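Student: First the structure, then my questions, so here it is.
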Protein chains: 2
Amino acid sequence: MDRLIMLPGPTNVSDRVMNAMSRPVINHRGEAFRELYRGIVEKSRHLFQTEGEIVVFSSSGTGGVEAAVLNTVMPGEKVIVPIMGEFSERLGEMVEIAGGKVVAVRSEQGEAPSIEQVKHAVDSNSDASSIMIVHNETSTGIAIPYLRDICNYAKERNLKVVVDAISSLGGYSIPVDSWGIDVCITGSQKCLAAPPGLVLLSLSREYTSMVRSRKPRTRYFDISRYLEYQKKWETPFTPSLPLFYALDEALNELLEEGLAARVARHERMSGMLYSSLEKLGLKFVAREDLRSRTVIASYYPEGIEDRDFRTRLEQEYGIVVAGGFGKFSGKVFRIGCMGLINQEYVERTVTSVEALLSKMKF
Amino acid sequence: MDRLIMLPGPTNVSDRVMNAMSRPVINHRGEAFRELYRGIVEKSRHLFQTEGEIVVFSSSGTGGVEAAVLNTVMPGEKVIVPIMGEFSERLGEMVEIAGGKVVAVRSEQGEAPSIEQVKHAVDSNSDASSIMIVHNETSTGIAIPYLRDICNYAKERNLKVVVDAISSLGGYSIPVDSWGIDVCITGSQKCLAAPPGLVLLSLSREYTSMVRSRKPRTRYFDISRYLEYQKKWETPFTPSLPLFYALDEALNELLEEGLAARVARHERMSGMLYSSLEKLGLKFVAREDLRSRTVIASYYPEGIEDRDFRTRLEQEYGIVVAGGFGKFSGKVFRIGCMGLINQEYVERTVTSVEALLSKMKF
């Protein structure tokens, strides 16, 4: 039985991207690598809809968020952070580790702070230096619907604007230049459908000159050093070459499909997932206006045990989904709607969930 | 023409390891990943000759060194660092970025500090908290010959002992437990002959309890969090699965060959390289007693231009070698003697260098 990965990342990877990893080892200080890296940066500009710089770190998404934090926040600086789940909590903790003071704008888990709450925090903290926003809270399947408005609002008030779009960019269109986003972070293993291990950061012009003038607080994640090496299309440290090959091929796939088409596909497929699962009687963590297009977090019906359900879904149907986080642990399962997601994947997932729930006497 | 990668990392990778990267995507929070990770840690214990813990970060070698620094050095602490080239300089800089005070034990580039110098620094800085040593300076092809003595010496004096063995472990035997090494760092892309992108850190028992009691200074590189997740054989952040598959297979290759045999092979092959290159009239950066077994840094003969030589060696002979660093830039080329290195590779490299030098009228 063919396994279908319906995790909220890592996702299924096409054979074409998979095979790219086996391309020959080359010198990462040689011409062939420079061409590869330049291509990745140029293609990524299309993804971020930016004319600014893009850097690529060999790390997980969290590494990319820590990079953004360490390059943005100086000790003692105030940072506004909307908090609505595991990943935004984690972002706040990283700001604190970096010596920043978090102005947390909290909502209940399973909700998102309202735009009024966040605007209020901006207005009443005119001494804050930045705002850092998780766009899509992978732990609860909630995407904040006012990203554009809040970014523009904060930018007009001279805040540095950092957006964690790790699990959303490509499934959503986020034109970072026109929305006033200084740093936008995304991962290789989500809507790009490449293997995990790389993280991409877009940088506004202003941000680029800011980091260049600052004393670095990290060596591995020092953005200014990456920018310096990027002038000759190298990375300061040994890049993970197979992952760069794979990312390049995944970006080729993205360009061939077109960003708008990919975004529309994610929207359509998540619509199908939500409505089909709803017909099965399932309830979602997210209210309708907050529902994520890339992660569907669905409550278990009474009496369905998490571990049992997911094990059987994988073993009997070949479908791999994720469990819940924090207070939702054991109570929800999460389906990724990312990357290669298509009608066949959606139908196979829904019919398998349906069949299993019915076997389990729901 | 078959390309032969003779870089001081990344190295040639066997088909078997390469193919491992294409294994199916699995849930990194599921049983199959747990087995994979447990296997990697257990096999790595053989490599480090330790009964302690091992953590694996998705990052380059430098990321691993920064992880060791951030978990070891508290602001204001004194750290003894022998400095003899680019990578030990970099280590010192990372200690400073972390707020540590570096007691630099310097030698000329192309030399190494003597053991007396280093012992003197230990003796005259009884308030130092740790010593951090680059075992094998990849930039100059120098390996310090007194690693065991200095580690034991420092350990007896209650220093935390951190060794960067990124480009040496596996080509050298470094039994970390008996040598008193608290943290030993190695990379996937050197003597292990896996692709770049993972870094392994061995941890002594003492160190393990120390980091567990400390407030973390980084989230991505927080060793205590890795140890916590490791109890259930998971990583805190999404692991780069293809690289884990490759590392696992590379460790299988290591175990099949045996660590002692691999070390002996590196020793034999580097001996052949040094003596054959010497016969061509080449001179090395390193004095005989400091010569690295894994990186050979050789001066160009008068009149041979670096870029020209390396381009022709690659284009006409298919052999890829590296250039020099810092004050040796343009003056030396560096040959990696790592990983899959064998007699055929050595002979092909030497005869190609010989033929090219003779064409270039040396």
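Matching residues to (1) of a type outside the set (A, V, I, L, M); (2) assigned by TED's automatic domain parsing to the domain that holds B:Tyr345:
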residue	(1), (2)
B:Phe221	yes, no
B:Arg225	yes, no
B:Pro239	yes, no
B:Arg262	yes, yes
B:Leu273	no, yes
B:Asp289	yes, yes
B:Thr294	yes, yes
B:Tyr299	yes, yes
B:Glu314	yes, yes
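Student: Out of curiosity, is B:Val176 within 25 Å of B:Asn342 (Cα to Cα), touching a Phe, Trp or Tyr at 6+ places or on another chain (Cβ under 7 Å) and either within 14 Å of chain A (Cβ to nearest Cβ) or modelled with pLDDT of 95 or more (or both)?
Tutor: Criteria not met by B:Val176.
Student: Can you tell me which of A:Ile319, A:Ile304 is over 30 Å from A:Ala68 (Cβ atoms) and buried (at least 18 other Cβ atoms within 10 Å of the Cβ)?
Tutor: Selected residue: A:Ile319, the only one of A:Ile319, A:Ile304 that is over 30 Å from A:Ala68 (Cβ atoms) and buried (at least 18 other Cβ atoms within 10 Å of the Cβ).
Student: To continue, here is another question. Would you confirm whether or not the stretch B:295-307 contains a residue that is within 26 Å of A:Met18 (Cβ to Cβ), within 14 Å of another protein chain (Cβ to nearest Cβ) and of a type outside the set (A, V, I, L, M, F, W, C)?
Tutor: No - not one qualifying residue is present in the stretch B:295-307.
Student: Shifting gears a bit: Looking at the stretch A:219-255 only, could you name the residues that are part of a loop (DSSP other than H, G, I, E, B), among the hydroxyl-bearing types (Ser, Thr, Tyr) and buried (at least 23 other Cβ atoms within 10 Å of the Cβ)?
Tutor: A:Tyr220, A:Thr238, A:Ser240
Student: Give just the number: which of (1) part of a helix (DSSP H, G or I); (2) touching a Ser or Thr at 6+ places or on another chain (Cβ under 8 Å); (3) within 14 Å of another protein chain (Cβ to nearest Cβ) does B:Met132 not satisfy?
Tutor: (1)
Student: Another question about this same structure. Given the condition on the phi > 0 side of the Ramachandran plot and part of a loop (DSSP other than H, G, I, E, B), answer yes or no: does some residue in the stretch B:290-300 qualify?
Tutor: Scanning the stretch B:290-300 turns up no residue that is on the phi > 0 side of the Ramachandran plot and part of a loop (DSSP other than H, G, I, E, B).
Student: I'm checking my understanding of the structure. Among residues of the stretch B:264-301 that are charged (D, E, K, R) and within 18 Å of the chain's Cα centre (by Cα), which one is surrounded by the most Cβ atoms within 10 Å (Cβ to Cβ)?
Tutor: B:Arg293
Student: Here's another thing I want to ask about it. Does the stretch A:191-216 hold any residues that are part of a loop (DSSP other than H, G, I, E, B) and under 24 Å from the mean Cα position of the chain (by Cα), and which are they?
Tutor: A:Cys191, A:Leu192, A:Ala193, A:Ala194, A:Pro195, A:Pro196, A:Gly197, A:Ser204, listed by residue number.
Student: Does B:Thr311 meet the test of being buried (at least 16 other Cβ atoms within 10 Å of the Cβ) and β-branched (Val, Ile, Thr)?
Tutor: So B:Thr311 fails the test.
Student: Tell me which residues, restricted to the stretch B:286-306, are touching a strand residue (DSSP E or B) at 6+ places or on another chain (Cβ under 8 Å) and within 14 Å of B:Leu357 (Cα to Cα).
Tutor: Within the stretch B:286-306, B:Ser298, B:Tyr299, B:Tyr300, B:Asp306 qualify.
Student: Also: Please verify whether A:Glu116 is modelled with pLDDT of 95 or more and either on the phi > 0 side of the Ramachandran plot or not assigned by TED's automatic domain parsing to the domain that holds A:Ile296 (or both), treating the condition exactly as stated.
Tutor: yes
Student: Further question on the same structure: Could you tell me whether any residue of the stretch A:39-53 is within 10 Å of chain B (Cβ to nearest Cβ) and under 21 Å from the mean Cα position of the chain (by Cα)?
Tutor: no
The values are calculated or read from the model by the stated rules, or taken from the named source; none is laboratory data. Fair warning: this is a prediction, and the values are worked out from it, not measured in the lab. Here the Cβ is made from the backbone with ideal geometry for all residues, glycine too, and neighbour counts use every protein chain on show.
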